[in-house]
Structures are given as structure tokens and as C-alpha cells.
Amino acid sequence: MKANNLPMPTSVQQAFDAYPTEIRTVMQCLRELIFDVAKQWQLGPVNESLKWGEPSYTVTGGSPVRIDWKAKQPDQVGLYFHCQTSLVETFRELYKESLSFSANRSIVVPYQSTDTLNDLPLAELEHCVLLAFKYHKLKHLPLLGE
């Protein structure tokens with residue numbers, strides 16, 4: 001299942017359409033990654049909606065993952081997580097060498113127009129999405145069981 005073949009709710013499609021073309025490509029890649037993680041790990045259907053004007057993805061029993069790009073930071077896309085969880089703190093411990101973070105809110109995905117999607121740290125991002133989607137089962141474990 002490719003997420004780009006899955007229909008988007010109208011509100012999410014409008015948000016995607018508002019992004020610059022090259023950013024839309026990165027956002028679509030992250031969307032696909034999110035749906036692929038849920039399918040691969042049999043986490044159930046992904047609820048796709050807008051939260052605070054940003055595309056948001058949830059599965060039953062998980063913590064939401066949002067993705068967004070902001071014009072004031074044109075060289076990055078963010079994967080946002082609930083700030084009152086230990087998710088970003090755990091990601092920082094696991095992937096401090098390969099990922100960048102913003103406080104306890106997000107993973108910062110650097111982007112330049114010359115980058116290819118192959119340059120994204122997909123394995124690390126997939127693992128982070130998986131931990132978010134399984135958060136309520138793992139939150140009592142040190143480093144979320146990792």
C-alpha cells in the first residue's frame with residue numbers, strides 16, 4: 001500500500017497543496033512512511049486529519065505524529081510529537097548522531113532543493129514513528145523498551 005495512492009481527507013489535501021512543490025514531495029514521502037509503518041507492524045488503520053493546521057496521523061493506542069513545513073524555516077520539515085511524552089527525549093538518546101531535534105517537540109528533517117529523498121534517514125524516522133504509534137504500550141519502559 002502506497003500512501004500516495006490513498007485518498008486524503010479534503011482538509012489535509014488542501015494543506016498539502018499549500019506547500020511548495022519540493023516540500024510537498026518530502027511531506028508525501030513522510031506520509032507514505034507513516035502509513036507503511038502502520039501497515040508493516042499491523043497497527044490498524046491510520047486516522048489522518050488536521051491538528052493545528054498540520055497533517056496529523058494517529059493509530060489506536062498510539063501517540064499522534066504530525067508533519068509540517070513553515071516558511072520561516074524553509075530548509076526543514078518537522079515531525080512533531082506530543083510534548084508531554086518521552087518520545088523526543090528517547091529519540092535523542094537513540095539517534096543523537098543521525099537526527100536533529102527541536103526541544104521536546106520535534107525531529108527536524110533538513111531539506112535543501114538539491115537533496116533527494118534517498119538522503120532522508122528513513123530507517124531512523126520509521127523507528128521513531130513506530131515508537132510513537134506504540135507509545136501507550138511502551139511508555140512505562142526505560143527508553144521505550146529500546
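The values are calculated or read from the model by the stated rules, or taken from the named source; none is laboratory data. This is a predicted model, so every value here is computed, not measured. Neighbour counts run over all protein chains shown; Cβ positions are idealised from the backbone, glycine included.
Observations on the model:
- Strands (runs of 3 or more DSSP E) contained in the range 1-92 and holding at least 3 residues over 23 Å from Asp119 (Cα atoms): 47-51, 54-58
- Sole residue being in contact with a strand residue (DSSP E or B) (Cβ under 9 Å, 6 or more places away or on another chain) and closer than 22 Å to His136 by Cβ, chosen from Leu87, Leu43: Leu87
- Out of Val88, Val129, Val77, sole residue that is over 25 Å from Ala18 (Cα atoms), buried (at least 18 other Cβ atoms within 10 Å of the Cβ) and among the hydrophobic types (A, V, I, L, M, F, W, C): Val88
- Ile107 meets the conditions (1) modelled with pLDDT under 95; (2) more than 22 Å from Asn5 (Cα to Cα) in every case but one. The failed one is (1).
- Taken over the range 49-69, residues that are farther than 15 Å from Phe81 by Cα and crowded, with 20+ Cβ neighbours inside 10 Å amount to 0.
- Filtered by the rule that a residue be touching a residue at least 60 places away in the same chain (Cβ under 8 Å) and of a type outside the set (Asp, Glu), the range 22-56 gives Ile23, Thr25, Val26, Cys29, Leu30, Leu33, Ile34, Val37, Ala38, Trp41, Leu43.
- Scanning the range 96-109 for residues that are in contact with a Leu (Cβ under 9 Å, 6 or more places away or on another chain), of a type outside the set (A, V, I, L, M) and outside any strand (DSSP E or B) yields a count of 1.
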